[in-house]
Amino acid sequence: MAVARITPTFLTDSRGRRTHAILSYEEWELLNARPVQPDAFDLATIARLEKDLVHHPEDFQETPVRNPIRKARLNAGIRQEDLATALKVSQPALSKMEREGHQPRPANLDRALAAIQSLRT
């Protein structure tokens, strides 16, 4: 494997001392790239979670979805972006409407459910 050669350009101060190096983004990425290897703690944690998953699967069940808009959208298999476009709102605004604990206004709920129904067909 060939090693990339990095040739920075230097900025100097009034005394001629190098103060900053200018690198391309690709060169900077090469300097900062480090392979991530799991350590012993990571491996022990993974093993413990896998063991717990086998012996206690009920602890790892998904939380039921309670928000009616999110529940209907997920059941219909519709992406948030598509529903947001149909409702003429931004995706972040739809995400706020779908948060757990958020109670949408009845008009918004009816509008969202009608949009989901139209996208489903």
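Derivation of every value follows stated rules applied to the coordinates shown; laboratory data play no part. Keep in mind it's a predicted model, so treat the numbers as computed, not measured. FYI the Cβ positions are ideal-geometry reconstructions off the backbone, even for glycines, and counts take in every protein chain you see.
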- Message: Nothing charged except the Cβ atoms of Lys and Arg (+1) and of Asp and Glu (-1): what's the magnitude of the dipole of the chain about its Cα centre? Round to the nearest 20 debye.
- Response: 600 debye
- Message: Let's test the formula: R0 of 22 Å, r as the Cβ-Cβ distance of Gln117 and Arg79. What FRET efficiency results, to the nearest 0.05?
- Response: 0.90
- Message: If I model a spin label at Ile22 and Ala107 as a point 7 Å from the Cα along the Cα→Cβ vector, what separation in nanometres do I get?
- Response: 5.6 nm
- Query: What is the order of His102, His55, fewest Cβ neighbours within 10 Å to most?
  - Reply: His55, His102
- Message: Would the chain count as rounded, prolate or oblate if I go by the C-alpha gyration tensor, calling it rounded below 1.5 in a/c and otherwise prolate when a/b exceeds b/c, oblate otherwise?
- Response: oblate
- Message: On a full-extension model of 0.36 nm per residue, what is the gain between Phe10 and Ser90, subtracting their alpha-carbon distance, rounded to one decimal in nm?
- Response: 24.3 nm
- Whichever lysines have a C-alpha closer than 30 Å to that of Lys71, once near sequence neighbours (fewer than 8 apart) are set aside: Lys88, Lys96
- Query: Computed FRET efficiency, Cβ-Cβ of Thr63 and Leu30, R0 41 Å: what is it to the nearest 0.05?
  - Reply: 0.45
